[in-house]
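Visitor: Supplied in structure tokens, the structure appears directly below.
No value in this document is a laboratory result; all are computed from the given coordinates. Just so you know, these numbers come straight off a predicted model, no measurement behind them. Because the Cβ atoms are built from the backbone with ideal geometry, glycine has one as well, and the counts that use them run over all protein chains shown.
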Amino acid sequence: MFSAGSWGTAAAQILADAGTGVVLHARRSEVADAIVSHHRNWDYFPEFELPASLTATSDPAAALTGADYLVLSVPAQSLRQCLRAWGGLIEPQTVIVSLMKGVEALTGLRASEIIRDVTGVPAERVAVLSGPNLARELMARQPAAATIACPDEETAERFQAACLTSYFRPYTSTDVIGCEMGGVLKNVIALAVGIAGGLGYGDNATSLIMTRGLAESIRLATAMGAQPITLSGLSGMGDLVATCSSPLSRNRTFGTHLGAGLSLDEAAAATRQTTEGIKSAEAILGLAQAYSVDMPITRVVTAVLHGKVTLDEAAAQLMQRPPKPE
């Protein structure tokens, strides 16, 4: 498991609870030592005791030796650099599983595409896991589910068995594009929901943004080759609802800070964790343009993030669009 952030730590606990042997890679040796000695990740979840079977190291070679799975939970913008450093350590039998929900800013590539581009691993050895998975709730072992997508059904089913617990229920799919893009696109919509909340708008506005946000997400994902039904499932609508509704959501929280009047830097400091929607928004808009897909919410959020429109102008642009059939 790479690495020991909030989502990586929660996923490592799930795998350990499922009876799968887990070595959690931490960038800093003191984090790995604390996990081994005290069964705690003091940086993210000091109140939760990790399973005794879960071990940790700061040595990537030690983490990857003999691994059936390399599970990746690093910021999407760092993925290429990380894989260049670790790629030579990946063994022929290892399946690479992405937990990331972002696209590369410069290329617009999804995480699975970056993995294949850097490592040369065939598509059948690359899977993605996505769904409504708020890390703190998972650490508390509250019920949750997700979708595991891989072109090879047997590979998806094997990893499903590796992370099935009494509180975490994974489903399988072969729609990698739909599963991945659902997790990517909901982040931008959650930023918009947060901004609306910070401006003092109520539930009607939230419902509007979520519903129309799902519509534009489906338009882009299907244009890219996804199955529409995938965006109605756990990795699409399920993740969208959780990310837009929960105060535990980084993207919604960041948007709320913006809507309340904080600058980008102030909102980042207040949020304190990686917010994938910020880095991915412009790349998503580039994909929309490449596929000739209209994404008004994404366009307005991107303009806000780049200081091209004020918050009031953004709201006006969305509400003053010409009426049309739903």
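Visitor: State, to one decimal in nm, how far the label point of residue 174 lies from the label point of residue 53, with both points 7 Å from Cα in the Cβ direction.
Guide: 3.2
Visitor: Using label points projected 7 Å from each Cα along Cα→Cβ, tell me how many nm separate residue 107 and residue 152, to one decimal.
Guide: Taking the simple label geometry, residue 107 and residue 152 are separated by 2.2 nm.
Visitor: A follow-up question, please. For segment 204-319, how big is Rg over Rh, using alpha carbon atoms and the Kirkwood form of Rh?
Guide: Details: Rg = 14.1 Å, Rh = 14.9 Å.
Result: Rg/Rh = 0.95.
Visitor: Another question, then. Using every pair of alpha-carbon atoms in the chain, split the distances into 10 Å bins beginning at 0 and state the percent of pairs per bin, rounded to integers.
Guide: 6, 28, 35, 22, 8, 1, 0
Visitor: Can you list the equivalent-ellipsoid semi-axes of segment 4-56, largest first and in whole Å, using the square root of 5 times each Cα gyration tensor eigenvalue? Don't jump to the answer; show the numbers that get you there.
Guide: Values: eigenvalues 46, 24, 21 Å².
Value: 15, 11, 10 Å, ordered largest first.
Visitor: Continuing with this model, one more query. Within segment 110-151, which residues have the backbone N less than 15 Å from the label spot 7 Å out from residue 42 along Cα→beta-carbon, could you tell me?
Guide: In segment 110-151, the label zone of residue 42 (backbone N under 15 Å from the point 7 Å along Cα→Cβ) covers no residue.
Visitor: Still on this structure, I have one more. When ranked by the protection proxy of mean other Cβ atoms within 10 Å per residue, highest first, what sequence do the peptides 34-46, 95-107, 268-280 form? Mind dumping the intermediate values first?
Guide: Details: 34-46: 16.3, 95-107: 22.2, 268-280: 19.2.
Those peptides, ordered most packed to least, come out 95-107, 268-280, 34-46.
Visitor: Sticking with the crude label model, points 7 Å out along Cα→Cβ, report the distance from residue 78 to residue 292 in nm, one decimal please.
Guide: 4.0
Visitor: Label 7 Å along Cα→Cβ of residue 166; segment 2-16 residues with amide nitrogen under 20 Å?
Guide: Residues 10-16 qualify, since their backbone N sits under 20 Å from the label point.
Visitor: Now, a different point. Determine, for each peptide in 79-90, 232-243, the mean count of other beta carbons within 10 angstrom over its residues, then list the peptides with the highest first. Walk me through the numbers on the way to the answer.
Guide: Details: 79-90: 15.8, 232-243: 23.1.
Listed from highest to lowest mean packing, they are 232-243, 79-90.
Visitor: If you don't mind, another one. Determine the sum of side-chain charges near residue 270: Lys and Arg each +1, Asp and Glu each -1, restricted to other residues whose C-beta is under 14 angstrom from that of residue 270. Present the calculation step by step, with values, prior to reporting the outcome.
Guide: On the way: positive: 250, 252, 272; negative: 265, 266.
Local net charge: +1.
Visitor: Please report the antiparallel percentage of DSSP beta bridges with both residues in the chain, rounded to the nearest 5.
Guide: Values: 5 of 23 bridges.
Bridges in the chain that DSSP calls antiparallel: roughly 20 percent.
Visitor: Would you please put 4-12, 142-150, 306-314, 176-184 in order of how densely packed they are, using the mean number of other Cβ atoms within 10 angstrom per residue and starting with the highest?
Guide: Result, highest mean Cβ count within 10 Å first: 176-184, 4-12, 142-150, 306-314.
Visitor: Further question on the same structure: Can you tell me the FRET efficiency between residue 123 and residue 27 if r is taken as the Cβ-Cβ distance and R0 is 25 Å, rounded to the nearest 0.05? Spell out each step's value before the answer.
Guide: Values: r = 28 Å, r/R0 = 1.13.
Between residue 123 and residue 27 the formula returns 0.30.
Visitor: Now a separate question. Please work out the FRET efficiency for the pair residue 91 and residue 306, using the Cβ-Cβ distance as r and a Förster radius of 51 Å; give the result to the nearest 0.05.
Guide: Working: r = 42 Å, r/R0 = 0.83.
Efficiency for this residue pair is about 0.75.
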